[in-house]
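Colleague: Before I ask anything, here is the structure I am working with.
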Amino acid sequence: MNIRILLACAVLAAPLAHAHVTLEQTSANAGAYQKLTFRVGHGCKGSPTHTLVVTLPDGFDGAKPMPKTGWALSGTANQVTWKGGPLPDAHYDEFVMQVKLPASVGKHYFKVTQLCDQGRMDWDAVPDASGTKLASPAPFIEITPAVAGAPHH
């Protein structure tokens, strides 16, 4: 096999080996309805995931989670829980909801708790001004000013 192909595969696979719970959508317009896709790239130190809890930041309204086969849904006004699975450590999956975004622009962080057969991961660290790399970063979305005349549905 060509060494360049091997190197390219290694570079592409590297982010998966250090995967966190991330948000697919990186930005959206203020006040819009938005699909949010939370990506779970691994379990807890080799243990399968059986529960994912997403806590919405202030100002996010009307969460409508997407059902997943084999997972039960529950929630409150500011939190959505998927429980079931299990999602083996060697596999990747996505957990989806729709929300109405707030009018406030800037980065908004979601606290995500991942419960596993053995252990848990709390993805809730928010960066400070120092730019230090975080061990358990919270997923976020950058809300930009609404575009005049853009639909909000």
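Colleague: Could you please put Ser47, Ser104 in sequence from largest to smallest accessible area, using a 1.4 Å probe?
Modeller: On the way: Ser47 10, Ser104 60 Å².
Putting Ser47, Ser104 in descending order of accessible area: Ser104, Ser47.
Colleague: Take the alpha carbon gyration tensor of the range 35-153, find the square roots of its eigenvalues, order them as a ≥ b ≥ c, and report rounded if a/c is under 1.5; if not, report prolate when a/b exceeds b/c, else oblate. The partial results should precede the final answer.
Modeller: Details: a/c = 2.36, a/b = 1.38, b/c = 1.72.
Oblate, because a/c is 1.5 or more while a/b does not exceed b/c.
Colleague: A further question on this structure: Amide H neighbours of Gly59 under 5 Å, at least 5 residues apart or on other chains, H built in the peptide plane: list them.
Modeller: The answer is none.
Colleague: Which far-off residues, 5 or more places away or on another chain, put their amide H under 5 Å from the one on Leu36, with H placed in the peptide plane?
Modeller: Result for Leu36 returns Met97, Gln98, Val99.
Colleague: Roll a 1.4 Å probe over the protein heavy atoms and report the accessible area of Lys107 in Å², nearest 10.
Modeller: 110
Colleague: For Thr51, Thr22, Thr132, give me the order by solvent-accessible area with a 1.4 Å probe, most accessible first, ignoring ligands, DNA and RNA. Intermediate values should be presented prior to the final figure.
Modeller: Numbers: Thr51 5, Thr22 60, Thr132 85 Å².
Descending accessible area places them as Thr132, Thr22, Thr51.
Colleague: Counting other Cβ atoms within 10 Å, which chymotrypsin sites (Phe, Trp or Tyr not before Pro) in the range 50-107 have at most 10 and lie in a DSSP loop? Provide the component values of the computation, followed by the final result.
Modeller: Values: sites: Phe60, Trp71, Trp82, Tyr92, Phe95; in loops: Phe60, Tyr92.
For chymotrypsin sites (Phe, Trp or Tyr not before Pro) across the range 50-107 that sit outside H, G, I, E and B with at most 10 neighbouring Cβ atoms in 10 Å, the list is empty.
The values are calculated or read from the model by the stated rules, or taken from the named source; none is laboratory data. As the structure is a prediction and not an experimental result, all values here were calculated from the model. Reconstructed Cβ throughout: ideal geometry from the backbone, glycine too, with neighbour counts over all protein chains shown. Calculation scope for accessible area: heavy atoms of the full protein, side chains included, ligands and nucleic acids excluded. Shrake-Rupley method; radii C 1.70, N 1.55, O 1.52, S 1.80 Å.
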